[in-house]
Structures are given as structure tokens and as C-alpha cells.
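> One structure follows; several queries about it will come next.
Only the coordinates and a few stated rules stand behind these numbers; no lab work does. Computed from a predicted structure; not experimentally measured. Note that each Cβ is placed from the backbone with ideal geometry, even for glycine, and that neighbours are counted across all protein chains shown.
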6 protein chains.
Amino acid sequence: MRLSKRKSDELRPVSIEIDVNRYAEGSCLISCGHTKVLCTASVEEHVPFFRRRTGLGWISAEYSLLPRATHERNRRDGRGSSVSGRTLEIQRLIGRSLRAGVNFASLGERQIMIDCDVLQADGGTRCASITGGWVALRLAVNKLLQDRYIVRDPLHQQVIAISCGIHAGSHILDLDYNEDSNAEVDGNFVFTSSGELIEVQCTAEDKSFPTASILEFIELSSKGASELVRIQNEALAKKNA
Amino acid sequence: MRLSKRKSDELRPVSIEIDVNRYAEGSCLISCGHTKVLCTASVEEHVPFFRRRTGLGWISAEYSLLPRATHERNRRDGRGSSVSGRTLEIQRLIGRSLRAGVNFASLGERQIMIDCDVLQADGGTRCASITGGWVALRLAVNKLLQDRYIVRDPLHQQVIAISCGIHAGSHILDLDYNEDSNAEVDGNFVFTSSGELIEVQCTAEDKSFPTASILEFIELSSKGASELVRIQNEALAKKNA
Amino acid sequence: MRLSKRKSDELRPVSIEIDVNRYAEGSCLISCGHTKVLCTASVEEHVPFFRRRTGLGWISAEYSLLPRATHERNRRDGRGSSVSGRTLEIQRLIGRSLRAGVNFASLGERQIMIDCDVLQADGGTRCASITGGWVALRLAVNKLLQDRYIVRDPLHQQVIAISCGIHAGSHILDLDYNEDSNAEVDGNFVFTSSGELIEVQCTAEDKSFPTASILEFIELSSKGASELVRIQNEALAKKNA
Amino acid sequence: MRLSKRKSDELRPVSIEIDVNRYAEGSCLISCGHTKVLCTASVEEHVPFFRRRTGLGWISAEYSLLPRATHERNRRDGRGSSVSGRTLEIQRLIGRSLRAGVNFASLGERQIMIDCDVLQADGGTRCASITGGWVALRLAVNKLLQDRYIVRDPLHQQVIAISCGIHAGSHILDLDYNEDSNAEVDGNFVFTSSGELIEVQCTAEDKSFPTASILEFIELSSKGASELVRIQNEALAKKNA
Amino acid sequence: MRLSKRKSDELRPVSIEIDVNRYAEGSCLISCGHTKVLCTASVEEHVPFFRRRTGLGWISAEYSLLPRATHERNRRDGRGSSVSGRTLEIQRLIGRSLRAGVNFASLGERQIMIDCDVLQADGGTRCASITGGWVALRLAVNKLLQDRYIVRDPLHQQVIAISCGIHAGSHILDLDYNEDSNAEVDGNFVFTSSGELIEVQCTAEDKSFPTASILEFIELSSKGASELVRIQNEALAKKNA
Amino acid sequence: MRLSKRKSDELRPVSIEIDVNRYAEGSCLISCGHTKVLCTASVEEHVPFFRRRTGLGWISAEYSLLPRATHERNRRDGRGSSVSGRTLEIQRLIGRSLRAGVNFASLGERQIMIDCDVLQADGGTRCASITGGWVALRLAVNKLLQDRYIVRDPLHQQVIAISCGIHAGSHILDLDYNEDSNAEVDGNFVFTSSGELIEVQCTAEDKSFPTASILEFIELSSKGASELVRIQNEALAKKNA
């Protein structure tokens, strides 16, 4: 039994509130239990140098923890020290994941910047950033379509992410901070809405795990991913309602 | 007549929602029109080196704009460049202002760190940070008193701040972004709840202004400050209610 | 009575020696009591990116304390740490103040860089930098006019700055280091030669001050400003003599 | 058929030359095809601050590409820019992987620093760094045991890593640079000598992949891992021979 | 008698292995006793900004110690701190020395970047970098000539460097680390193959030395330089053999 | 004939004004022709970590060009970029040179920091910094002796430096900026007052020079050094007069 009384394959309550920022082309606030991430998508009419004059767009991401998102205050990245390896690793993952569902020729030579600012952290912030980041991206692309900057939808798949791990010997879905900090194995799975994988990361904390655990993780995370696809769709549907 | 239909001495709607962060010792979300600042106060049981072994506490502040707090996305401070002069100037002002109302011997040798993260910016972010920052500070100090870490209240004054300026030839209170970016003169006034001043900053943008304008600013800002004192008290009263 | 025997509204002895640098288009060494600042103005035939192709010029300033300008040796800015907030704040103030007296269309699309290097510091270095920086600027602009790079004088006002504050309960003008480090309130006032204000900054160190003090400061600083205008003119007159 | 004529489950020729550095406590040069990594293990009698006074040791890793390890010269990390996200991500992976096979109480409160400097890169540098890094670690620990700094062997498992991916629709083992830069999916698998997993990372480059591919990867990489265990042991055996 | 039994004017065994890197246009591994430096020459079809549109080429150098090149592990330059003064000084010397033997008009508007990575350091690493760097440069220029990018040989002189110093009162050639760390005077001499000087650097460690010592150094180092010229030529001859 | 009408072995007019800074323990302004360097010596009652608890003192130096010390304004070191290699190289030379004349046991465990700020540069700034830096050092040590912090004089030698080079085929002493920027060879010689050498640096700009030139440089620079010793002594004598 989990401390939170959740079943091993049960997500925390997830909510996605859209259009929370007045200026961004797309935005949402995603809450997964006590984890809260503000996601904005900013359309910029320029691309990184390696995309120039290719006709292709780009999607990039930045991730940041607010200083008091955590139990103890943490130092702001980039003040008095360089951006931490953990931050760079997470924002590279977010960017890679969101790019996998995009047709860059349809997007045209522009960049969409996804900013994921963690207001409160209780485990699973990188997964929440991907799931919420995709909603912000969807809204920004909708705006480009409405405003006729682009004519074909560049997003061919929804992208969602969910954690699972081994805690106290059990395989569980969607770890909160307490579970995560005691987990034997910790994994993040990025899925498309068609049930295929974009990225798998599994890490043993102290010791190794049998290859069979991977199968259990895939089963758990596939189930979580389906629910998140539905929640993304419900959040987006409110706009049209 | 102002674009927003406000009178020259009229504040924008201000709301302060307290206890918005699960981990911080004190926190609030302050909205002044479309400007929104998340303020947290973090109690740390250590002080900067210049306070060590003095028995005296310290209060410090950090200010940051989220990248899409603004009309155009702005670069995160400290990523790929050092923290901007504007940011440093603002957080020095916030720290100085909040320290002016504190008895550091009563606080004891500990630091309270005030983080002001601007979620959305529509002018007046530094003033909102001071007014909201003081509420977060008050809540954190209340917790120290309740938990008996300290026995005497170190806060002897409320601290609030408000902008005023000259726009289209008129002296006006509480400039929004549109007014601020066209103002001839732009000022920030930090007050105590007893109506005295802690800091005055007035800047002419292109040309100079007569010394008499200072008197008009003081009258306008004194009026605004009184209202903000009342709004701080109402926000704090909800907790006890 | 002040330690230095000065009256409350009395400036320290001020001298301005012009043309002290062989290469700069304009330069002076300003001494205010023991405070000594070397000011140079460098004309550069390019402008910051936000001015490009506007036909408008720009004026920027850098401020720096030599390491042994102070009682104790201070670390050079930018060596082993980033430029301090205090330095950035001061050089932003110098630039803003000097720009207020300039017609940028008459200057044309070029930049004048004002460097203020404090050789010895005894209080009031930012005010001396503004007063001396304006003289260097005047000399550089004179050279542009003589050399027929520009035809209309872009400087329509002299710019001067002076400090005042409350020390031992009295309102005094032009604080030296000893007075400044014990002052209850510390203010800097930037004036034009027509007696109008460009910038006002007043800061209470520990506690607040009544709004009426602002009026006293304006009276004191107006008087000081008039004398500085005369001293600027005398220094410049030596060249033509 | 692969360009290199290798079968889908065939490693490149691997060689490990030990004791290549005169000063390091452990060292080897590992070659996997044209990829060459110099690995050194340095024993340091201090630990990072979070391990101090715990009696527990630590293992950390740094990874670096020499500038001309690659087809085109690449900029040195940390010169004119901060260390790249890719470098940080790889060296975090190396450190995590090697730590998983260690009993830190047996190691005692000391740190072993693993430096992996890539002399020539032809794909698979992070995996070669882990496999070679473990050999350097083993040699350094052997020296600690011989010199009686420690009495019980802290290494309870060998650690090896190998890449696999999907290239031209086929699941293949040990991608070289040409294969890697055209792969649809790219994965790295870190194993213990007992055939369990320490870390799994799989990334789709442009589109998603079915969950069944994970099973194929595990089969391929398990086979490669067994061979690498044998090669590690042969390299180490030369010393005793 | 030197600890190594070498005579005062005797070089350590020197070997130069060419073409050790698969990608670089020129490369060698130079060993001088236990000092080993990997030198690569990379041809880049662009030049630094001060050479643009001049038709002239450029040669630049970077020098780096691998972390365990030394008895104690040393921190990587540019990680957690800026590049050390020693490193900058050495790489400036290498670049200057190699440039002295080059006709930049014949090279054309391209840059050759010389990277000197010290795999193992036992004294004399800057001299080995210059002597080996020149061989890498020679090979890269040969390739440019063969591939008909250039038609006239831009290298009119070989460049070599050798250290000498005063140790235990004797003037000696080619100091190893033990000798260098106890030397009274330490000098580096850069020669052309025609026996002329490009650079002289002599430094007393604690006390001064008579001007006559310079003459003894020149005699010693001239002799060492002749031998190094021969060794460079033998290494290059292997290619053609 | 030199443009300045100086003979080949003739110094520019040199003046040393002592005690130009109110706070520094020792200070002087040295002028060599149009080159002007402000040198201060600051006594600090702590030493770098490698000297702690050794009973030995240390001397360190910092060198900086004011932005308009040069014909064209140069960027301040450490603002927007790291300190340049040239600056690091020069300040390492100054520190090494001044340390050669010091008995660190007599100085005791304290540091004297020599700051050399170039107000105006016309060639030879590093030599002027050494010659002037030694005068500042001498004054600071005199103060330590007078104030009885130390009892034995730690300075056993005067230290001076002078440039020479080959210009238009002639060997000349004390190059000004015009000569230096066209010189074929450029050298700096640091001497003690007993006529021995501390450091020699000679650099060919484009091509090599015969070893015999070194002898001519030593003769020229020895002569210049004697004059500088006398000028140092005259400057110091004014204090006692």
C-alpha cells in the first residue's frame, strides 16, 4: 500500500488549466498532485543558426525550478554558478520529446520556445513539463493556424510523459517526492498518443534490476499515458466549448 | 483621462492571496491589475558572512521575471549572460526597503530570503514585489513567533511601495505598462504604514522636470500607500478569520 | 557643526582639470575634497544594436573604482566574480543622467562612451562622476563641432549632481565618506543648469524619514547645483582663454 | 547488411590496454573500432561535502572530447562558453553507472575520480567510457587493497555499457558514427556482469517506436554486455600474468 | 651529475610518431622522456575577424593538460573557473612561435588550429608542444599542397623549442619535472632550423642570475635545437619512405 | 635616427611622484614619456592558501589598462569577457619580478598587493609597472618597518625593468608605442640594482633574429637599468628630505 493510498497503477489527480498567461501564444498550468508547472509557448520568427535558410522550424525548451518550489530553498540556476547539469538534462529531454511529434516543414522557419517553470515540486516535474508543455505548444500552433501563418497542422501526435519506478519492492506509477527519493529504480517514459515510445530512461539508484522490470514499467506507463492523453484533450476542449 | 478610465490618483485593482506555496514559511500572490508577482519568504538558519557572530539577522531579496512575463519573451537572467543591471537594481531596492522596517536583534541570527518571481508584468513589478514581499515576510515572522523561535516581533512597520509619474503632462498614480513606457517622469516611492518614506526614486526619461513635481508625487503616493496598507491588512486578516 | 567645519549647505572644495588624457576626445579630472574621478569621453562611430539605422546617437557610461581608491583595498569588478550590483546601478545612473541633456538627432548615429574611473574615494563618487562626466562630454562634443562631424550642438543643458542627507539629525549637503557611512538618510540629486531635476534618489538606511525632508533636500541641493554649474563653466573657460 | 559488414549483433573489435599512465592509480586506453578513450582513475583522500563525516566514499566522473576527436574540430568545453549540456549529461551517466557497483562503506571516506578523455570519436564514446572507466576503477581499487588502505573489496559487480539502435529499419548492436547519425532510435544500456540493468536510455530521433523494440534491444545488448565482461577480464588478467 | 645520469647538454630520448589521429589534417604524438603531448593541426576555412578580407591566413594554438597528466590530478581548465593564466601564457607562446616561420599570403585566408593536449607531463611540455606542433603543422600544410588548395609552401623554417636552466649551480639542457621544480633559473628557447631565435624566456625563481648565464643558455639550447631539427625530419621522412 | 630624436640607448624622460594615494601603504605615479602608471601597494594581513601557516609572506600584482589609456578605447577586462591573456601574462610577470627581491620570512605571513593601473599607454607599460611597483612596495615596507610590524628589511634588492628591441634594423632602448608596433624584435629585461637579471623575454614578431642580438640587448638594457635605479632612489629620497 502506498502512503498516499494510491494503487500501484494510479495517477495522482491531474488538472490542466489553459490560457493562464496574457501574453504567451500558448500557456497552461499543469498540476499533478502537489507538483505545479507553468508552461508557456512563445512563437519567435527566427530559428537557431543550424536551421537558418532550411525552411524548417524548431522547438526548444527551458526548465527552471523557482527557488522555493522545493522543501528547502534552492539556488536559482545561473546566479553565482552555471546552470546545473540536472536542469540542462531535463530541458534537453523536454525539447527532444516535443520535437518528436512535429513536422518542421509545416511549421515553417520559426521557433517555438517552451518554458516550463516549476512553481511547486513534489516529484515528476519533468514529466509534468512534457505533458503540460505539449498543451502549450498545441495552443500556440492553433493560434498560428487561426492567424493563417501556417496552413497545415505540424503536430501529428500528442506527447505525454509519466514516471514509474520500483519502491519498497513494488513496481508503481507516478512517484511523488517521497516515493522518488526512496525508490530503488526510477524511470521516465515519453509516449505518443498512439501508444508508441519517444524516450525511455530508467536508472537504478544503488543496485541493479532485472531486465524483466522494463516490461512491467512499460505496462504501467502505457496505462498512465492513455489517461494523460484524455486529460490533455479535455483541457483543450474547454477552449472550444 | 487615462486609457484605463482610472482617475489620476486611482490604484488598479489589487488582490493579495496568501499561503499559495506549500513549503515556504510565508507566501502570497499579489496582483496589481495584470501584474502578478509570486512572493515567498524562506527562513534560513544562517546569515551572510558580514553578520556572523553578531546576533543580528538579515533580510535579502531576489527578483526575477519569468521569460514570458512580458509581451515579448525575455531571456532568463543568468543563462548565457550575467544577471542584468535592472534585475540587480530592483532586488537591491526590495531588500533595502524591507530591511528598513525590521529590528534585527529581535529576529536573531537568521536570514529571511524574499523571492519575488514575476509571473506576468504590466508595470509596477518592483512596487508589487515590495508590497507583496512584506506580506510574505510578515507571515514567515508570524510562524517564527508561533513556533517560539523568537519572542519579540521584529517587524515594527508595514512596508509598501507605489509608483507615480508624469504622463501626457499629468501627474498620475500607479502606472501600467502602457503609461510607464510613455511617461515623461517615472517614480517609485516606498512608505511605512506610519506615512514616512524609506526610499524615493524619480527619473526623467528624456528631459527634466520642475522640483515642484516632487510635491505632487508625494501627495499622490501617500494616498496610494494608505490604501495598500489596508489591503495588506485585509489579506493577512483572512488567515486569522 | 560638521567634523570638517563645513556649514550644512557648504560644498567641499571642487576643482576640475580638463584635457588630462592625450587620446580621449574629452577628459577631465574632477576633485571634490579627497574624492578624485578621472572622466574620459570616447567618440565611437557605431551605436548599440537598438539604435542602428535610426539616425540617433547614444551615450553610455562605465564606472569603476580603482582597487585602492578606498580605505581598504577592494576587489576589481569582473575579476573572479561578476560586476557588482552597486557598480551597475551607478553606471546606469550616470548614463541616464547625461542622456537627459542631449538631442540625439543632432549627435547623429554615433556613441559617446563616458568612463568614470575613481582614483580616490571619499564619498560622493557617483555625483562627481556625473558632474565631471558632463565636462568630458562637453569637450568631446566641442571637438565634433570643431571638426565638422556635426553642425548643431546636441547638448542643450548642463548636467550636475550633488548628494545630501540627514546626519546626526541635520540636513546637510555634499557628504564625505565619514558622514555618508553614518547618515540616517542619503540622497543624490541630478539637476540641469536651468534648475530642474533629472533624477532623485533618497534612501533611508535603518529607519524612515518624514516627507518634509524631501523639501529640505531640494533646497540644499539646488544651491549646491548652482555652484557646480559655475565651476563647470570656469573649467571649460580655461580652454578658450 | 551493415556498411562495416558486421552482423546486427556483432561488436566492433574492442581492445583495452591497461596502465597507460604513469601517475594515475588506475588507467586504460579502450578502443572500440575507431573510438579511443583514455580512462584514468585518481584516488583522492577527500570527498564531496555531502559525504563528509559519513565514513562513505564517492565516485565521480568527468568526460571530455579532445578538440580533434571528431571529424570537424569541436570547441573545448569551458573555453569561451560553459560546459555543454551533452558533456554534463554524459559524465553524470558515467558516474551514476560506476557508483551502482560499489559498496561505499568498504571504500571508506575517499573519492575516486574517473576521467574519460576521448582521443578519437567514432560513435559509442559514452559506452566505451563506462566500460573502460570500470577497468581503471578496478585497477585503482586493487592498488588500495594491495597498499592496505582498505581491507574489503568495495566492487561487487563489473559494469559495462553498450549501445543499440534501429538503423534502416533493423535493430543493431554497437553503432558506429555513421550508423548513429542516421539511426531512427538510439539507446544505451548499462549492465552488471550478472546480467542485470543499471541504466536504460532510448531516444527516438524523429518519430516514435513500438514498445516491442525495447525487448529486442535488451536481447541484443545483453549479448554485447557478456562479451565486454570477458574482454574486461582478459585485459585485467594480463597484469597478473 | 644529474639524477637521470644525463650529461648537462644531453636531451632526453625524443620520439615523434606521426599520423596518430584519423581526422586531423596533421597530427603527431611527441614524447620527450615521460612527457607526452598529442598535437593535431586542423585546417579551418575561416580566419579570426582581424584577418578577414586580407587574403592572409592565421595560425592559432590551444594547450591543455589532461587532468591526470600530472602527479596529482589537476582541475580541468574552464570547469568551475576560467582558463588559468599559465595555460593562456603557454598557448600564446606556442601560437607566436609557430607563426614566426610562416608566410601567411602563401597560406591564403584560412586558419590552422594547433591543439596540444598533454597526456603525461614530466617537464618541458611547452617546448614539446612547439616542436610537435610544428610537425603537425608541416603535415597539414603538406596535405593542403597535395590537395592543391595552395601552390607555394608557406613554411620557410622549421620551429623547435627546448628548455634550459640552472640546477644545483650547473647550467643544464632539457629539464625534467624534478629538475624544473628545483631550478634556480628556468628558460625556454624557441629556434628556427637556421639557428636563429624566435623567442627567449628566462625566469629566476628566487634570486637573480648574472647576464653571462644567458650566453651559456644560448650555447646549450642551440645544440639541443639542432638535434630536434634532425628528429623532426626523421619523423616526417617515415611518411615518404 | 629615432622619430623622437632619442639616441638608440636613450631613455624617455622618467619621473616618479610618490605618495599620490591617501589610503595605500605605498604609492607612486610613474611617467615614462607619455606612459603613465599609477602604482599602489596594499598590505593585507592574510596570505594566499598555499602560504598559510608557513610564516612566509607573499607579493602579488594586478595590472589593468584604463579604457581610454589607449589610442582607441579598449574594453575593460572582466566585463562581458574574461580577463585577457595579455593582462594575465603581464601581471604574472610583475608579481614574479617583484618577488625575486624579497625575503619572505622577514616580511612575515602577510601579503602586499601591487596594483598597476595604466592611466595612459605609450609603450613600455609592463616595465613602468615593475619599476614603479617596486617604489610603491618599498614605501609600504618602509611603513611596516616604521610601525614596527616587522624588524628586518625584507627587500634586499631594487627591481627595475626596461624594454629594448630591434626597430628598422637598429637595436634600441625603451621603445615607445610607435616603435613597438613596428619592431622586428621586442624584449623586456628585469634587473636587480646589482646588475643581475631576474627575467628576460624576447619575442620576434615576424621572423627570427640572430643569437648575437641578445648580447646587444643586454648591454643596452643594463645601461637603462642603472639610470632607473638612480631615478627610483631620487624619488624615494624626496620623502626623507
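> When chain F is turned about an axis onto chain C, which of its residues keeps its C-beta closest to that axis, and how many Å is it?
F:GLY78, 1
> Most fluctuating residue of E:ALA140, E:ALA128, E:ALA204 in a GNM of chain E with Cα springs under 10 Å: which is it?
With Cα springs under 10 Å in chain E, the top fluctuation among E:ALA140, E:ALA128, E:ALA204 is at E:ALA204.
> Lysine pairs in chain B with alpha-carbon atoms under 19 Å apart, 8 or more places apart or on different chains: how many are there? If you can, show how the numbers build up before the last one.
On the way: B:LYS5/B:LYS223; B:LYS7/B:LYS223; B:LYS143/B:LYS238; B:LYS143/B:LYS239.
The result is 4.
> Also: Can you bin chain A into rounded, prolate or oblate? Criterion: square roots of the alpha carbon gyration tensor eigenvalues sorted a ≥ b ≥ c, rounded for a/c under 1.5, prolate for a/b above b/c, oblate for the rest. List each step's numbers first, then the result.
Details: a/c = 1.70, a/b = 1.52, b/c = 1.12.
It is prolate, given that a/c is not under 1.5 and a/b is the larger ratio.
> Where a ≥ b ≥ c are the square roots of the eigenvalues of the C-alpha gyration tensor, would you call the range F:64-195 rounded, which needs a/c under 1.5, or, failing that, prolate if a/b is larger than b/c, or oblate?
Here the range F:64-195 falls in the oblate category.
> Counting only other residues whose beta carbon sits under 13 Å from that of B:GLU109, what net charge do I get with K and R as +1, D and E as -1?
Values: positive: B:ARG51, B:ARG52, B:ARG53, B:ARG110; negative: B:GLU44, B:GLU45.
Summing Lys and Arg as +1 and Asp and Glu as -1 gives +2.
> Here's a follow-up. Using the Cα atoms of the range A:110-168, I'd like the radius of gyration and the largest Cα-Cα distance, Dmax, both in angstrom.
14.8, 53
> Write down the Kirkwood hydrodynamic radius of the range E:129-232, to one decimal in angstroms, obtained as one divided by the mean of 1/r over all alpha carbon pairs.
Working: mean 1/r = 0.0669 Å⁻¹.
Averaging 1/r across every pair of different Cα atoms and inverting gives 14.9 Å.
> Another one. Projected area of the range C:157-205, taken from the Cα convex hull and averaged over every viewing direction, in nm²?
On the way: hull surface 13.4 nm².
Value for the range C:157-205: 3.4 nm².
> How charged is the neighbourhood of E:GLN120? Take every other residue with its Cβ under 11 Å from the Cβ of E:GLN120, and add Lys/Arg as +1 and Asp/Glu as -1. Before the final figure, lay out each step's value.
On the way: positive: D:ARG22, E:LYS36, E:ARG68; negative: E:ASP117, E:ASP122.
Within the 11 Å Cβ shell, the charges total +1.
> Further question on the same structure: Within chain F, what's the longest stretch lacking GluC sites (Glu not before Pro) that sit in DSSP loops with no more than 14 other Cβ atoms inside 10 Å? Could the numbers behind the result be given before it?
On the way: sites that count: F:GLU45, F:GLU72.
For GluC sites (Glu not before Pro) (loop position, at most 14 other Cβ atoms within 10 Å), the longest site-free span of chain F is F:73-241.
> Still on this structure, please answer the following. Using the alpha-carbon centroid of each, what span in Å lies between the range F:162-241 and the range A:215-229?
Taking the Cα centre of the range A:215-229 as reference, the centre of the range F:162-241 is 78 Å away.
> Using a label point 7 Å beyond Cα on the Cα-Cβ vector, give me the inter-copy distances for A:SER170 in nanometres, one decimal, shortest first.
Reported distances to equivalent positions: 4.5, 6.5, 7.8, 7.8, 9.5 nm.
> If you don't mind, there's one more thing I want to ask. Lys/Arg Cβ at +1, Asp/Glu Cβ at -1, dipole of the range E:12-132 taken about the Cα centre: which of E:VAL20, E:PRO67, E:GLN120 is farthest positive-ward?
Comparing the listed Cα positions along the dipole, E:PRO67 ranks first.
> Here's something else I'd like to know. Can you compute the FRET efficiency between C:PHE49 and B:VAL151 using 1/(1 + (r/R0)^6), with r the Cβ-Cβ distance and R0 = 41 Å? Round to the nearest 0.05. If you can, show how the numbers build up before the last one.
Numbers: r = 56 Å, r/R0 = 1.37.
So, using R0 = 41 Å, E works out to roughly 0.15.
> Between copies, how close do the D:ARG86 label points come, placed 7 Å along Cα→Cβ, listed in nm from shortest?
Values, ascending and in nm: 2.5, 3.0, 3.4, 3.4, 4.4.
> Rounded to the nearest Å, what's the spacing between the alpha carbon centres of the range D:70-131 and the range A:33-103? Just the number, please.
The two parts, judged by their Cα centres, are 23 Å apart.
> While we're on this one: Would you tell me the mean number of C-beta atoms belonging to other protein chains that fall within 10 Å of each C-beta in C:213-225, as a whole number?
Values: counts 3, 7, 4, 0, 2, 4, 1, 0, 1, 1, 0, 0, 0.
For this peptide, the per-residue mean of nearby foreign Cβ atoms is 2.
> Moving on to the next point. Work through the residues other than B:ALA204 whose Cβ is under 15 Å from its Cβ and net out their charges, Lys, Arg +1 and Asp, Glu -1.
On the way: positive: B:LYS207, C:ARG92, C:ARG96, C:ARG99; negative: B:ASP180, B:GLU184, B:ASP186, B:GLU205, B:ASP206, B:GLU216, C:GLU196, C:GLU199.
Here the count lands on -4.
> Okay, moving on. Compute, for chain E, the length of the dipole vector about the Cα centre, with Cβ point charges of +1 (Lys, Arg) and -1 (Asp, Glu) only. Units Debye, rounded to 20. List each step's numbers first, then the result.
Values: 30 positive and 31 negative charges, 146 e Å.
For chain E, the charge dipole is close to 700 debye.
> For the range D:17-135, report the convex hull volume of the alpha-carbon atoms normalised per residue, in Å³, without decimals. Let's see the in-between values first.
Values: hull volume 13.5 nm³, N = 119.
Convex hull of Cα atoms, per residue: 113 Å³.
> Same structure again: Using a label point 7 angstrom from Cα along Cα-to-C-beta, what distances in nm, from shortest up, separate A:ALA237 from the other copies?
Label point to label point, same position, other copies: 4.4, 6.5, 8.5, 8.5, 10.0 nm.
> Shielding by partners for A:23-31, please: the mean number of other protein chain Cβ atoms within 10 Å of each residue's Cβ.
On the way: counts 10, 6, 2, 1, 1, 0, 1, 0, 0.
Rounded to a whole number, the mean comes out at 2.
> With +1 assigned to the C-beta of every Lys and Arg and -1 to the C-beta of every Asp and Glu, and no other charges, what is the dipole magnitude of the protein assembly as shown about the Cα centre in debye, to the nearest 20?
Numbers: 180 positive and 186 negative charges, 1 e Å.
The calculated dipole for the protein assembly as shown is roughly 0 debye.
> Moving on to the next point. Please state the charge dipole magnitude for the range B:165-240, taken about the Cα centre, from unit charges on C-beta atoms (+1 on K and R, -1 on D and E), reported in debye and rounded to the nearest 20. Walk me through the numbers on the way to the answer.
On the way: 5 positive and 14 negative charges, 90 e Å.
Once rounded to the nearest 20, the dipole reads 440 debye.
> If you don't mind, another one. In the range E:13-70, what trypsin sites (Lys or Arg not before Pro) fall in a loop by DSSP, with at most 11 other Cβ atoms inside 10 Å? Don't skip to the end; give the middle numbers.
Numbers: sites: E:ARG22, E:LYS36, E:ARG51, E:ARG52, E:ARG53, E:ARG68; in loops: E:ARG22, E:ARG52, E:ARG53.
Here the trypsin sites (Lys or Arg not before Pro) that fit, given the DSSP loop and packing criteria, are E:ARG52, E:ARG53.
> Follow-up. Calculate the spin-label point distance for F:HIS71 paired with E:LYS223, positioning each point 7 Å from the Cα along the beta-carbon direction, and give it in nanometres.
My value for the distance between the label points is 4.6 nm.
> Shape of the protein assembly as shown from its Cα gyration tensor (a ≥ b ≥ c, root eigenvalues): rounded if a/c is under 1.5, otherwise prolate when a/b > b/c, or oblate?
Details: a/c = 1.70, a/b = 1.00, b/c = 1.70.
Because a/c hits 1.5 or more and a/b fails to exceed b/c, the protein assembly as shown counts as oblate.
> In degrees between 0 and 90, to the nearest 10, how far off the longest principal axis of chain E does helix E:125-146 point, with axes built from Cα atoms?
Roughly 20 degrees, rounded to the nearest 10.
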